[in-house]
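Accompanying notes for the structure given below.
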Amino acid sequence: MSTSRICLVFATVTLFLAASAFADDVVVLTEENFEKEVGQDRGALVEFYAPWCGHCKKLAPEYEQLGASFKKAKSVLIGKVDCDEHKSVCSKYGVSGYPTIQWFPKGSLEPKKCKNCEALAEFVNNEGGTNVKIAAVPSNVVVLTPENFDEIVLDEKKDVLVEFYAPWCGHCKNLAPTYEKLAAAFKLEEGVVIANVDADKYKDLGEKYGVSGFPTLKFFPKNNKDGEDYDGGRDLDEFVTFINEKSGTSRDAKGQLTSKAGIVEVLDNLVKEFLSAKDEEKKLYSNAWRRKLISSRVPLQGFHKGLLYGKIYVKAAKSCLDKGSDYAKNEVLRLERILAKSISASKADEFTLKKNILSTFASDQ
């Protein structure tokens, strides 16, 4: 392809482009790390659970709240073991039902049974010599009422998943921990809302949308505010996949951006041409892309996202020119080191987008 043709395609596509985020507070224990974390210089409360266990699911919000509350207590560890995945650990400690909660004193791998599991915080404080108060964990699920339902759900700038529930409904209670995790996973996505409404209290809303049983889930995308029935699976991964597919997001179950976030296929194809071009041609690529990007005002993936992604591509191209062929690879490694540390969710999003896009410039051609 000629240099002029490359620049034309690059500028046109970029015009179309611009025109067109966490770590758990409960420590996950495995066969590999159990004895490195437990029986050391702090006491440990350990939940042995199974992912399919209903009682475990009901306990999950309380246990995660416990983990968040004791996170800064250096003398106590709050951990959990998936017994489906790590059978040998659970067998070693005599686990025969789920959930089983055991206390491991400081410096000991001989557990004590939890005698007061109805009040976990009190039990841990007594055993660990701490005085921690349980922190309130804010919900990320938007609570709907007749007063705010239309304003939130019918907003054509938002994709909204709504759970119609009843407080007495057992299936609703079982779904609650998963639904809360889903809301947490998408809390940084301005265009996505995870909400619920007490359709037993507000019967008119339930009747309006044909709700005849609980829980009923309906999805209200930007382009269809009549609502669509959600008939998918009800585990967290299935919910996350649904939202990603419907909303064009790229989150995992923990709310972290995936390796696909920020990637634009048409620009990736042009990156390959950019990398294989001569240095003078690369300058034309970069300059044309930048000019068209800045002057553009028509959204591709939503104006703000399109503009953000495009700017990162442009900056990466310029940096590769200015700093040499190893720049992208070295910068990806630097960003990976930062992401491995404890940083805010918003910063993790920012660095993940940069890392993903830079990776396309670091790929072997």
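Can Val153 be described as touching a helix residue (DSSP H, G or I) at 6+ places or on another chain (Cβ under 7 Å), closer than 30 Å to Glu190 by Cβ and at pLDDT 95 or above?
no
May I ask you to list pairs of residues, at least six apart or on different chains, whose Cβ atoms are under 8 Å apart, with the first in the range 322-337 being within 14 Å of Leu353 (Cβ to Cβ) and open to solvent by 40 Å² or more (accessible area, probe 1.4 Å) and the second being assigned to a helix (DSSP H, G or I) and charged (D, E, K, R)?
Filtered contacts from the range 322-337: Glu336/Lys355.
Taking the stated definitions as given, is Thr145 open to solvent by less than 60 Å² (accessible area, probe 1.4 Å) and under 27 Å from the mean Cα position of the chain (by Cα)?
The answer is yes for Thr145.
Within the range 214-243, how many residues are small (Gly, Ala, Ser) and either over 17 Å from His171 (Cα atoms) or open to solvent by less than 30 Å² (accessible area, probe 1.4 Å) (or both)?
Taking the range 214-243 as the starting set, the residues that turn out to be small (Gly, Ala, Ser) are 227, 232-233.
From what's left, either over 17 Å from His171 (Cα atoms) or open to solvent by less than 30 Å² (accessible area, probe 1.4 Å) (or both): 227, 233.
Of the residues in that region, 2 qualify.
Given the residues Lys246, Lys272, which is the only one that is open to solvent by 90 Å² or more (accessible area, probe 1.4 Å), closer than 23 Å to Lys318 by Cα, part of a helix (DSSP H, G or I) and at pLDDT 70 or above? Steps first, answer last, please.
Values: Lys246 fails: closer than 23 Å to Lys318 by Cα.
Result of the check over Lys246, Lys272: Lys272.
What pairs come out if I take residues in the range 93-104 that are β-branched (Val, Ile, Thr) and pair them with residues that are not in a strand (DSSP E or B) whose C-beta lies under 7 Å away, six or more apart or interchain?
Val95/Cys83; Ile101/Cys114; Ile101/Cys117
Given (1) open to solvent by less than 20 Å² (accessible area, probe 1.4 Å); (2) at pLDDT below 95; (3) out of contact with any Lys or Arg (no Cβ under 9 Å at 6 or more places or on another chain), identify the lone condition not met by Lys112.
Tallying (1) open to solvent by less than 20 Å² (accessible area, probe 1.4 Å); (2) at pLDDT below 95; (3) out of contact with any Lys or Arg (no Cβ under 9 Å at 6 or more places or on another chain), Lys112 fails exactly one: (1).
Would you say Ile101 is in contact with a Cys (Cβ under 6 Å, 6 or more places away or on another chain) and of a type outside the set (Ser, Thr, Tyr)?
Yes.
The values are calculated or read from the model by the stated rules, or taken from the named source; none is laboratory data. It should be emphasised that the depicted structure is a prediction, and the values quoted were computed from it without experimental measurement. All Cβ positions, glycine included, derive from the backbone under ideal geometry; neighbour counts span all protein chains shown. What goes into the accessible areas is simple: the full protein's heavy atoms, side chains included, and nothing from ligands, DNA or RNA. Shrake-Rupley method; radii C 1.70, N 1.55, O 1.52, S 1.80 Å.
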